[in-house]
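Participant: Take a look at this one; I'll ask things after.
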């Protein structure tokens, strides 16, 4: 029987790349999305046709606890288990500090931090009952030592996600491995379109590899962490930033 992975924000570039990497290892995928149904459907078709895995497509608003409960219920109803949870979904509301609002701040925290907490609270006991589980939280170097006041709500959410990782690892030991990855600059279509070319070059100069990372490199790290080869890796925050300084 295949393992089953629930990936939040699976229609995003990084989420889709993670889904493809796991499906290539015969892992069935619960594809969560909220807004981009077209990309989610395209991903579902690719996973089923190319990798012959089972999938389940679920729309859910991660700021809504009822939606989160329903997401898990539907996944468990179809597969009877969830072996792997990838807390990948995240939002960012960059803006001048003086123009940030408490509502925006709370929304970022709800999606980036509260949702991973709620999903882990629901799914962790299922993993413990089945005596197997891997939770990967997609954090960021922004939550460690990279500071952008325009993104301080995002940064705070990722710092909180790192703290959550450590606490979940303790709570779910010894059955469930809980780790986080902390990407630096990753070459997504959005960043390449939104960032000025001179700014990109200045940021690349701060990276030992002198380039932004690729989404498939992030996916490869997740692929390794959920594999049996990484069974002794637990409670870790793994940077994937090309040597950012």
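Participant: Against the longest principal axis of the chain, how steep is helix 115-130, in degrees 0 to 90 to the nearest 10, with axes from Cα atoms?
Facilitator: Once rounded, the angle reads 30 degrees.
Participant: I've got another one for you. Report the extension gain between residue 50 and residue 166 in nm, rounded to one decimal, defined as 0.36 nm multiplied by the number of residues separating them, less their alpha carbon distance.
Facilitator: 38.1 nm
Participant: Using the per-residue mean of other Cβ atoms lying within 10 Å as a proxy for protection, in what order, highest first, do the peptides 204-211, 215-222, 15-22 fall? Before the final figure, lay out the partial values.
Facilitator: Working: 204-211: 12.5, 215-222: 19.9, 15-22: 25.0.
The most tightly packed comes first, giving 15-22, 215-222, 204-211.
Participant: Compute the acute angle (0 to 90°) between the alpha-carbon long axis of helix 37-51 and the principal axis of greatest extent of the alpha-carbon atoms of the chain; round to the nearest 10°.
Facilitator: 50 degrees
Participant: May I pose another question? So what is the 222 nm mean residue ellipticity for the chain from helices alone, if each DSSP H run of at least 4 adds -39500 (n - 2.57) and you divide by all residues, rounding to the nearest 500 deg cm²/dmol?
Facilitator: Numbers: 9 runs with 111 residues, N = 245.
Estimated from H runs of four or more residues: -14000 deg cm²/dmol.
Participant: Among 141, 188, 165, which one shows the highest mean-square fluctuation when the chain is modelled as a Gaussian network with alpha-carbon springs under 10 Å?
Facilitator: Fluctuation is largest for 188.
Participant: Of all DSSP beta bridges in the chain, what percent run antiparallel (nearest 5)? Please list the in-between numbers first.
Facilitator: On the way: 1 of 28 bridges.
Looking only at bridges with both residues in the chain, the antiparallel portion is about 5 percent.
Participant: With a 10 Å radius around each residue's Cβ, average the other Cβ atoms per peptide and rank 90-98, 53-61, 65-73, highest first. Each step should come with its number before you reach the end.
Facilitator: Working: 90-98: 14.1, 53-61: 18.0, 65-73: 16.2.
Packing order, densest peptide first, comes out as 53-61, 65-73, 90-98.
Participant: To the nearest 0.05, what FRET efficiency results for residue 197 and residue 245 with a Förster distance of 22 Å applied to their C-beta separation? Walk me through the intermediate numbers first.
Facilitator: Values: r = 22 Å, r/R0 = 0.98.
Efficiency at R0 = 22 Å is approximately 0.55.
Participant: Between 110, 155, 194, where does the largest GNM mean-square fluctuation fall for the chain, given springs only between Cα atoms within less than 10 Å?
Facilitator: 194
Participant: Rounded, prolate or oblate: pick one for segment 4-240, where a ≥ b ≥ c are the square roots of the eigenvalues of its C-alpha gyration tensor, a/c under 1.5 means rounded, and failing that, prolate if a/b is larger than b/c, else oblate.
Facilitator: Numbers: a/c = 1.44, a/b = 1.37, b/c = 1.06.
Because its axes are fairly even, with a/c under 1.5, segment 4-240 counts as rounded.
Participant: Here's another thing I want to ask about it. Who wins for biggest fluctuation among 190, 52, 106 in a Gaussian network model of the chain, springs between alpha carbons below 10 Å?
Facilitator: 190
Participant: So what's the gap between the Cα centers of segment 1-76 and segment 101-122, to the nearest angstrom?
Facilitator: Segment 1-76 and segment 101-122 have Cα centres spaced 19 Å from each other.
Participant: Can you tell me the 0 to 90 degree angle between the C-alpha axis of helix 65-79 and the longest principal axis of the chain, rounded to 10?
Facilitator: With rounding to tens, the tilt is 40 degrees.
Participant: Going by how many other Cβ atoms sit within 10 Å of their own, how do 1, 192, 150, 127 line up, fewest first?
Facilitator: 1, 192, 150, 127
No lab work stands behind these numbers, since they all come straight from the coordinates. Bear in mind the structure is a predicted one, so any value in this text is a computation, not a measurement. We place every Cβ from the backbone using ideal geometry, glycine too, and count neighbours over all the protein chains shown.
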